[in-house]
Amino acid sequence: MGFKWVNNKSIIDVILKVAGFTYGPLLGLFAFGILTKRSINDRLAIYACIAAPLIIWGIDFINNIEWYQKQFHLTGNWVDSVKNFSQSVFGKFKIGYEVLIYNGLLTFLGLLLISAKQKRGSEPLRS
């Protein structure tokens, strides 16, 4: 019923875009836990995991303004300004489904910024 209400023929495209924004931080958290032995500041982890998709969403909005214009029926002179800015910054490159990778990388880097090396002989804290 939701698909009928949305009445969008490219609903798979929307689902994959949303998945890229939601699973990116999970991918970054998983990679950080598997690939490093650093301990993070737990209170700041939520900010890193929320900031990454917001930053990537802003970049994706500028890069794919035509997609957002079509999906949300955006109008106005500001849309043309964003299109011109996007063209000057990105050229013909358009971010696609790799948004998941960008989110994961940015989350990983955010976690790296709020982490510290573990002291020798100490186990990571478990909650």
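Bear in mind these aren't lab numbers, they're just calculated from the coordinates by the rules spelled out. Keep in mind that what you see is a predicted model, and the values were worked out from it rather than measured. Neighbour counts are summed over all protein chains in view; Cβ atoms, including those assigned to glycine, are modelled from backbone coordinates with ideal geometry.
Would you confirm, using the coordinates I've provided, whether residue 38 is without any contact (Cβ under 8 Å) to a residue 24 or more places away in the chain, on the phi < 0 side of the Ramachandran plot and of a type outside the set (Gly, Ala, Ser)?
Answer is no for this residue.
In segment 58-88, which residues are under 19 Å from the mean Cα position of the chain (by Cα) and either in a helix (DSSP H, G or I) or exposed (fewer than 15 other Cβ atoms within 10 Å of the Cβ) (or both)?
The first filter runs over segment 58-88 and keeps only residues under 19 Å from the mean Cα position of the chain (by Cα), leaving 58-68, 71, 86.
Matches in segment 58-88: 58, 59, 60, 61, 62, 63, 65, 66, 67, 68, 71, 86.
When segment 100-122 is examined, which residues are found to be in contact (Cβ under 8 Å) with a residue 12 or more places away in the chain, assigned to a loop (DSSP other than H, G, I, E, B) and surrounded by fewer than 12 Cβ atoms within 10 Å (Cβ to Cβ)?
Correct list: 117 only.
Test residue 19 against the stated conditions and say whether it is assigned to a helix (DSSP H, G or I), touching a Gly at 6+ places or on another chain (Cβ under 6 Å), touching a residue at least 40 places away in the same chain (Cβ under 8 Å) and surrounded by 13 or more Cβ atoms within 10 Å (Cβ to Cβ).
Values: assigned to a helix (DSSP H, G or I): yes; touching a Gly at 6+ places or on another chain (Cβ under 6 Å): no; touching a residue at least 40 places away in the same chain (Cβ under 8 Å): yes; surrounded by 13 or more Cβ atoms within 10 Å (Cβ to Cβ): yes.
So residue 19 fails the test.
Does residue 97 satisfy being assigned to a loop (DSSP other than H, G, I, E, B) and among the hydroxyl-bearing types (Ser, Thr, Tyr)? Full working, then the answer.
Details: assigned to a loop (DSSP other than H, G, I, E, B): yes; among the hydroxyl-bearing types (Ser, Thr, Tyr): yes.
Judged against the criteria, residue 97 is a match.
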